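Let me begin by presenting the structure, written as structure tokens, before commenting on it.
Every read-out reported here was derived from the displayed coordinates using simple, explicitly stated rules and does not represent laboratory data. Small disclaimer: the values here were computed from a predicted structure and weren't measured. Every residue, glycine among them, receives a Cβ derived from its backbone with ideal geometry; neighbour counts consider all protein chains shown.
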Amino acid sequence: MNKHIVVPQSNCRPSVFRQPGSAMYADNCRELQAAAKRGEVELHAWTRGNYPGISLGERLPGIRTVGFWDARQNQSWGLGRHCNEGFKIAYLARGSLELVVDDKNYALRQGQFIIIRPWQLHSIGNPNVGPSRLLWIILDAGLRRPSEAPDWPEWLVFSKDEADRLGDVLRQNNQPVWDGGAELCRAFEAIPAILLDRSPQEGETRLKVAINSLMLSLIDRMREQAPELDPDLSTSQHTVAIFLRRLAHALDEDWTLDGMAEECGLSRTRFADYCKKLTNMTPRQYLQHLRLEQASRLLQAAQETSVTEIAFTCGFNSSQYFSNAFKKRFGYAPTSLR
């Protein structure tokens, strides 16, 4: 008997833009870490927060994790659907990987690199990782919403014009996969030797130099490939559009208009205006629409689960109110799906 309903990533507010400790930022590195302990994959990283590796402490502010893995055989793990607390920049030195970004599939090949924005849901592996050497850095520039401007760490040395250009390119296009090149490859491959041969205390300066070189090579490669920029992707309306898509993963939260507006960094009025423009519904109407759609799916999929439990799972506080709203929306009672 199905006594409990499991709705993926619905156990807390999405906090897509603010709180790395939420479901959208859930730690999904445990299987990778366990595989490394078993000797199935080589993993080396300097990190902060919940990422596996050697702690950076107070060094290199802005770096969430920098490291690499060497998987020399097919793995039993993959990096599940998640967001990161910064821009994920990763280079595939060897092998191939399957990548999903915002529900789109990509085949990552040797010599390519990826850039994933903090608000982009993504996974690596289909569902598992194959033989591959992946090098990465997650750089936290202090933004969670596409409408914000990045605040780069002071130890990055690129000019204001380069920083502004990089910020525009990163926020105003959604292209995740890019072609690398010899210079970018050399910049990435300078990092493993530092991680392997030195401690964070001994290697801090060298790693700063290596990451600055990497970022300058990255700027050059992105300039050469000249992506078409869309300023609409860095607007508050796009921020609201992302939030509304994620709302379906947090329907059991007791959402208020204030809470939804706060997630997007907007006033109640502006948030409600954008919601109406995007969905032709008020925030309250759209939230109820999502909850009823979810309830309809669960009523059909979880036949042994009570209607009341499904109502509570989808965020309704009263089974009677749920039944009335369901009948008004679909024209029949929820019990008819049993």
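List of remarks:
- Axis of helix 160-171 versus longest Cα principal axis of the chain: the two differ by about 40°, to the nearest ten degrees.
- Rounded to 5, percent antiparallel among DSSP beta bridges of the chain: 95 percent
- When you count the other C-beta atoms within 10 angstrom of each residue and take the mean per peptide, 110-121, 142-153 line up highest first as 110-121, 142-153.
- Shape category assigned to segment 243-320 from the gyration tensor of Cα positions, a/c cut at 1.5: prolate
- Here the extension length gained between Tyr332 and Ser306 equals 7.7 nm, from 0.36 nm per residue of separation less the Cα-Cα distance.
- Relative contact order of segment 122-262, taken over Cα pairs closer than 8 Å and 6 or more residues apart, is 31 percent.
- About its Cα centre, the dipole of segment 21-148 is roughly 120 debye, where the only charges are +1 on Lys and Arg Cβ and -1 on Asp and Glu Cβ.
- Contact order relative to length of segment 216-338, as percent, for alpha carbon pairs under 8 angstrom and 6 or more apart: 20 percent
- Relative contact order (%) - the chain, alpha-carbon pairs under 8 angstrom, separation at least six: 17 percent
- Highest to lowest packing among 69-76, 240-247, scored as the average C-beta count within 10 Å: 240-247, 69-76
- Angle between the chain longest axis and helix 283-301 axis [Cα atoms, degrees, rounded to 10]: 80 degrees
- Rounded tilt (10° steps) of 182-197 against the dominant C-alpha axis of the chain: 90 degrees
- Structure-derived semi-axes √(5λ) of the Cα gyration tensor in Å: which label, when the choices are [x] 40, 24, 17; [y] 43, 27, 19; [z] 26, 23, 21: [x]
- Candidates Glu162, Glu202, Glu183: whichever shows maximal mean-square fluctuation once the chain is modelled as a Gaussian network with Cα springs under 10 Å: Glu202
- Using R0 = 51 Å, the C-beta based FRET efficiency linking Arg268 and Leu196 works out to 0.45.
- Overall form of segment 106-220 per C-alpha gyration tensor (a/c, 1.5; a/b vs b/c): oblate
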